[in-house]
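Below you'll find the structure, written out as structure tokens, and then a few comments.
Bear in mind these aren't lab numbers, they're just calculated from the coordinates by the rules spelled out. Given the structure is predicted, the values throughout are model-derived calculations rather than measurements. No Cβ is skipped: glycine too gets one built from the backbone with ideal geometry, and neighbour counts run over all protein chains shown.
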Amino acid sequence: MYFHRDRGFAQPAASEITPQSVYQSRREWLRHLALAAAGSSLGAFAARDALAAPIPPRAALEGVHSDIGGAQTMEKPTAHEDATGYNNFYEFGTDKADPSQRAQSLKTQPWTVSVDGEVKSPRRFDLDALMKLGAIEERVYRLRCVEGWSMVIPWLGWSLSHLIKAVEPSGSARFVQFVTLADATQMPGLGSRVLDWPYVEALRLDEAMHPLTMLVFGMYGQVLPPQNGAPVRLAVPWKYGFKSAKSIVGIRLLAQQPGTSWEKAAPREYGFYSNVNPNVDHPRWSQASERRIGEDGLFAKKRRTLPFNGYAAQVGALYAGMDLRKFF
Ligand code: MTE
């Protein structure tokens, strides 16, 4: 599958989707990953978790903010090999297998994230300092891609609001822009005009401050693999996956709504809000249902897509009074 600049995403063929792999129990999974991640700071986190006995069933995930509460999905995570082998990261190519094959040499140390714009205390964080701004938690979120497939991913990170508060937004801050790495020496996809680089995304300030909006440093108990946006990315679970920018190098608070890469590439297809909405079709396909990666035999039944990807109770109020067909 590939992308046309003027026509946006092509929906993936069913044959591109990897069959379900054996799911490991949470305990095995954490043990396995604790070993794999040993030595990193997230490794210590995973190891502590893996050794604590007995590990409760999924319903009792530890380290969850009380205000996140019911927003955690209890669905079983997508197989690790699917979540790390079937990716969109166009800086490394437009094929689902390109990122896992081509991103492995991405240099993630040293790494800095500058946070500036409409703030009282602009700062440039190195990765260690950034990670220390919050307590790392595991949160299992659905990720629904605009192409019509979804995954369930156990992320490690904390609410982006911690970072935004640390830089003290000024009264005129209304939007938050995410700027990602664009380094042609490391990213072969930048040679293509498929999108304008760097890949940029943005949220309204209240969306960015919502406790569900997560700054992510790891997944499945490990530091983020390059193909999933190492060393730091966003996870915005009620929006189409492309809002969750990978490999972030800059976060800017702005007074005006900025453009985003996808809006620029195909404005009729990808709006600024991009809330998951089964009632607003993409101009070239329905958004009413989705394939869950790993469950899809050729004849497997699709799942019904839920408004706001199932997070309506948590985020619906952000859009009270807005016409979500107009602000798609
Ligand atoms: N971030 C950057 N920098 N470049 C990209 O191409 N693709 C987006 C998003 N973030 C993308 C990106 C899209 S379309 C999706 S669906 C998700 O990343 C996929 O995240 P995953 O590969 O971790 O599942």
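Each peptide in 260-267, 122-129 gets a packing score, the mean of other Cβ atoms within 10 Å over its residues, and the list from highest to lowest is 260-267, 122-129.
In this simple spin-label model, placing a label point 7 Å from the Cα along the Cα-to-Cβ direction at both residue 326 and residue 204 gives a separation of 1.3 nm. Among the trypsin sites (Lys or Arg not before Pro) found in region 152-234, those both in a DSSP coil and sparsely packed, with 12 or fewer other Cβ atoms within 10 Å of their Cβ, are 193. Provide the net charge surrounding residue 308, with neighbours chosen by a C-beta distance below 13 Å and charges set as Lys +1, Arg +1, Asp -1, Glu -1. Every neighbour counted, the sum reads +3. For the pair residue 184 and residue 286 in one chain, pulling the backbone fully straight at 0.36 nm per residue adds 33.2 nm over the alpha carbon distance. Among the listed pairs 132/246; 76/107; 239/264; 246/326; 132/243, those whose Cα-Cα separation exceeds 22 Å are 76/107; 246/326; 132/243.
Put simply, the C-alpha atoms of region 208-328 give a gyration tensor, and the ellipsoid matching it has half-axes of 23, 22, 15 Å, longest first.
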